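Structure first, then comments.
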Amino acid sequence: MSWIKVLPREQLPDGHRRVVEANGRPILLLSVKGQLHAVDNVCPHMGASLEDGQVTDDGTIVCPRHHSTFDLHTGEVIRWSPWPPGVGRMLGSLSREKALSVYATRVEDGSIWVDVQGLD
């Protein structure tokens with residue numbers, strides 16, 4: 001594992017999110033119901049930012065542009081680009097389903113750490 005310190009824990013209260021940079025890539029940190037999540041801040045469908053995506057009570061994030069839905073724990077695709085009707089289906093079918101990259105997190109010495117192993 002290759003851990004980097006990204007943010008003091010106090011700067012990410014529960015229910016908030018923040019984009020940080022790790023090895024030159026934008027990582028979205030979320031604090032949801034006391035759990036920390038770190039995912040790529042780029043939807044794998046068409047590269048839209050997930051920063052403004054809706055986080056649901058069941059632990060998913062919805063892309064604000066194309067409405068693909070991903071599990072925050074595993075990155076698994078829950079729903080692939082169902083919107084807008086017609087165009088969304090066409091674009092969704094042209095791009096293969098791809099999971100969202102998820103990174104391990106930990107809190108140590110009052111800071112949030114993210115495992116960036118594999119990030120170049």
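The values are calculated or read from the model by the stated rules, or taken from the named source; none is laboratory data. Because the structure is a prediction, the values reported are computed rather than measured. For neighbour counting, all protein chains shown are included, and Cβ atoms are generated from backbone atoms with ideal geometry for every residue, glycine included.
One line per residue, one yes/no per condition, for (1) in contact with a Lys or Arg (Cβ under 7 Å, 6 or more places away or on another chain); (2) surrounded by 18 or more Cβ atoms within 10 Å (Cβ to Cβ); (3) closer than 22 Å to E108 by Cβ:
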position: H16; (1), (2), (3): no, no, yes
position: N23; (1), (2), (3): no, no, yes
position: L28; (1), (2), (3): yes, yes, yes
position: Q54; (1), (2), (3): no, no, no
Out of S111, S93, I need the residue that is surrounded by fewer than 16 Cβ atoms within 10 Å (Cβ to Cβ) and either at pLDDT below 90 or on the phi > 0 side of the Ramachandran plot (or both). Which one?
S93
Just checking, which of V39, V20, V6 is out of contact with any helix residue (DSSP H, G or I) (no Cβ under 8 Å at 6 or more places or on another chain) and closer than 21 Å to I78 by Cβ?
V39
Which of the residues belonging to segment 56-80 are under 10 Å from the mean Cα position of the chain (by Cα) and either surrounded by 19 or more Cβ atoms within 10 Å (Cβ to Cβ) or not in a loop (DSSP other than H, G, I, E, B) (or both)?
T60, I61, V62, C63, F70, D71, L72
In segment 67-81, anything out of contact with any strand residue (DSSP E or B) (no Cβ under 6 Å at 6 or more places or on another chain) and more than 15 Å from D40 (Cβ to Cβ) is listed as H67, W80, S81
Test for R25: is it modelled with pLDDT of 95 or more and basic (K, R):
no
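Right, L72: touching a residue at least 12 places away in the same chain (Cβ under 8 Å), closer than 15 Å to R106 by Cα and in contact with a Gly (Cβ under 9 Å, 6 or more places away or on another chain) or not?
For L72, the condition - touching a residue at least 12 places away in the same chain (Cβ under 8 Å), closer than 15 Å to R106 by Cα and in contact with a Gly (Cβ under 9 Å, 6 or more places away or on another chain) - is not met.
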Do we have G86 as at pLDDT 95 or above and at positive phi here?
no
